[in-house]
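The values are calculated or read from the model by the stated rules, or taken from the named source; none is laboratory data. Keep in mind the model is a prediction, meaning the values are calculated, not measured. FYI the Cβ positions are ideal-geometry reconstructions off the backbone, even for glycines, and counts take in every protein chain you see.
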Amino acid sequence: MIVTIKPSKASGKIQAPPSKSMAHRMLICAALAQGTSRIKNVAYSEDILATLDCIEAMGAVVEKENDTVTVSGIGGNKISSPVEFKCRESGSTLRFFIGIAMAVVKEAYFYGSEKLLSRPLSVYEDICNRQGIGFTTGESIHINGMLKPGEFEVAGNISSQFISGLLFALPMLDKDSHIIFTTAIESASYIQLTLEALSLFGVKASWQDEKTLFIPGGQTYKSRDVIVEGDYSNAAFLDVFNTIGGNVSVSGLRADSGQGDKVYKEFYDRLCNGYSEIDISDCPDLGPVLMVVAAANKGAVFTGTARLKIKESDRGHVMCDLLSDFGIATVYGEDKIEVKEGFLNIPDKAVYGHNDHRIVMAAATLLSMTGGQLTGGEAVRKSFPDYFDVIKQLGIDIEYEA
């Protein structure tokens, strides 16, 4: 998709899109529950569709009507026949369901894009090796064997998606388990979202101390009717227009939300007030949009950027290249990126979205200031399918073909 944007400012009122993070978690809990659950306010992004595919592959019955998904769960029943999980390009779906599969499926095959299957899975591979579970990779990921309860030692600086996958699985095992973190924990807010979803569906898991999660075994998920809250991660790409002269009011966000990305408001204030140093280790998905705000203002240095390498693109390098297209200098480090103060110029060629939804939205924000073209705009379907429609509604002068 080629997107053409002319210099323009956004204004108006808009509802925040539904939280993809909570929708994943609520749909999974509903699929594991006994009985029928209704999940309201669901947006059908590519990632959520991948999770729905996997839920159905596992044997849950799914019905979609407008923004409500009705799920008849499997009740924790074990599945003896092989199951194929098609994860598309969703890292959350893949990492969540590998953990779940080891608890309820004797043999599982995971499929997805080449980029997805190349993303790190060593946490699960190590667990499988220790427990004698078959784990092979290639054109698919093949897991053969069932997870046993016990103690699971993991580094705290890995993706929280591995921890969430275990948290979904371990309550269904016959004995208690512990997850013990061997280093400081990053992305702790996403772990808290998983604990919140488990609690909503009647499952207990709790912090025993600051580095240990306790998960009682022998539990059963209970069916529930729930509503997905607004999404701070994508709201940040609407509220960002207020940092570059726009006047946008974003509603539908819970003030008491556990989403870690709600910190974007504080970070925007700091960046607009001058050069800042900001740690994004607990909110890596905000990296691209925060770098845009830094480039449009006085610059900044961002720490905790190492995990940007393992997203849909190598976001640290990609954002440095993107900002360079607009005339902004950067300094790239292994766990630190500095965005220099400068003047935004019109790119002399179409900028590329790198098949990464957050890079596309970051690029579109920059182009609203300078004008220009973007290729690969279809990547927004991964998390925010109607993004271009929304910013056009807000007044951004944009042309594209869906």
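Answer with yes or no whether Ile337 is surrounded by 23 or more Cβ atoms within 10 Å (Cβ to Cβ) and assigned to a loop (DSSP other than H, G, I, E, B). Write out each step before concluding.
Values: surrounded by 23 or more Cβ atoms within 10 Å (Cβ to Cβ): yes; assigned to a loop (DSSP other than H, G, I, E, B): no.
No: the conditions fail for Ile337.
Condition check: among the charged types (D, E, K, R) and either buried (at least 19 other Cβ atoms within 10 Å of the Cβ) or assigned to a helix (DSSP H, G or I) (or both). Does Asp282 satisfy that? Break it down stepwise before answering.
Numbers: among the charged types (D, E, K, R): yes; either buried (at least 19 other Cβ atoms within 10 Å of the Cβ) or assigned to a helix (DSSP H, G or I) (or both): no.
No; evaluated as a whole, the condition is false for this residue.
Tell me the residue from Lys40, Lys64 that is at pLDDT 95 or above, touching a Phe, Trp or Tyr at 6+ places or on another chain (Cβ under 8 Å), surrounded by fewer than 19 Cβ atoms within 10 Å (Cβ to Cβ) and basic (Lys, Arg), please.
Values: Lys40 fails: touching a Phe, Trp or Tyr at 6+ places or on another chain (Cβ under 8 Å).
Testing whether each residue is at pLDDT 95 or above, touching a Phe, Trp or Tyr at 6+ places or on another chain (Cβ under 8 Å), surrounded by fewer than 19 Cβ atoms within 10 Å (Cβ to Cβ) and basic (Lys, Arg) leaves just Lys64.
Among the residues of segment 217-231, is there at least one that is among the acidic types (Asp, Glu), in a loop (DSSP other than H, G, I, E, B), under 23 Å from Val42 (Cβ atoms) and touching a residue at least 60 places away in the same chain (Cβ under 8 Å)? First the steps, then the outcome.
Going residue by residue through segment 217-231, those that are among the acidic types (Asp, Glu) are 225, 229, 231.
Narrowing the set further to residues that are in a loop (DSSP other than H, G, I, E, B) leaves 229, 231.
Next, only the ones that are under 23 Å from Val42 (Cβ atoms) stay: 229, 231.
Retained after the next criterion (residues that are touching a residue at least 60 places away in the same chain (Cβ under 8 Å)): 229, 231.
Yes.
Within segment 250-260, can one find any residue that is modelled with pLDDT of 95 or more, more than 24 Å from Phe181 (Cβ to Cβ), touching a helix residue (DSSP H, G or I) at 6+ places or on another chain (Cβ under 9 Å) and outside any loop (DSSP other than H, G, I, E, B)?
The answer is yes; a qualifying residue exists.
On the given criteria, is Lys211 surrounded by fewer than 23 Cβ atoms within 10 Å (Cβ to Cβ), without any contact (Cβ under 8 Å) to a residue 60 or more places away in the chain and basic (Lys, Arg)? Steps first, answer last, please.
Working: surrounded by fewer than 23 Cβ atoms within 10 Å (Cβ to Cβ): yes; without any contact (Cβ under 8 Å) to a residue 60 or more places away in the chain: yes; basic (Lys, Arg): yes.
Criteria met by Lys211.
Quick one: which of Ile391, Ile328, Ile310 is in contact (Cβ under 8 Å) with a residue 40 or more places away in the chain and buried (at least 17 other Cβ atoms within 10 Å of the Cβ)? Outline the logic, then answer.
On the way: Ile328 fails: in contact (Cβ under 8 Å) with a residue 40 or more places away in the chain; Ile310 fails: buried (at least 17 other Cβ atoms within 10 Å of the Cβ).
Being in contact (Cβ under 8 Å) with a residue 40 or more places away in the chain and buried (at least 17 other Cβ atoms within 10 Å of the Cβ) holds for just one of Ile391, Ile328, Ile310, which is Ile391.
Take the residues of segment 89-125 that are in contact with a Cys (Cβ under 8 Å, 6 or more places away or on another chain) and within 13 Å of Ser160 (Cα to Cα): which is surrounded by the fewest Cβ atoms within 10 Å (Cβ to Cβ)?
So, considering only residues that are in contact with a Cys (Cβ under 8 Å, 6 or more places away or on another chain) and within 13 Å of Ser160 (Cα to Cα), the one surrounded by the fewest Cβ atoms within 10 Å (Cβ to Cβ) is Leu94.
For segment 35-65, give me the residue count where each residue is farther than 19 Å from Arg381 by Cβ and either of a type outside the set (D, E, K, R) or not in a strand (DSSP E or B) (or both). Show your work before the answer.
Of all residues in segment 35-65, those farther than 19 Å from Arg381 by Cβ come to 35-40, 55-63, 65.
If we keep only those that are either of a type outside the set (D, E, K, R) or not in a strand (DSSP E or B) (or both) as well, we get 35-37, 39, 55-62.
Counting residues in segment 35-65 that are farther than 19 Å from Arg381 by Cβ and either of a type outside the set (D, E, K, R) or not in a strand (DSSP E or B) (or both) gives 12.
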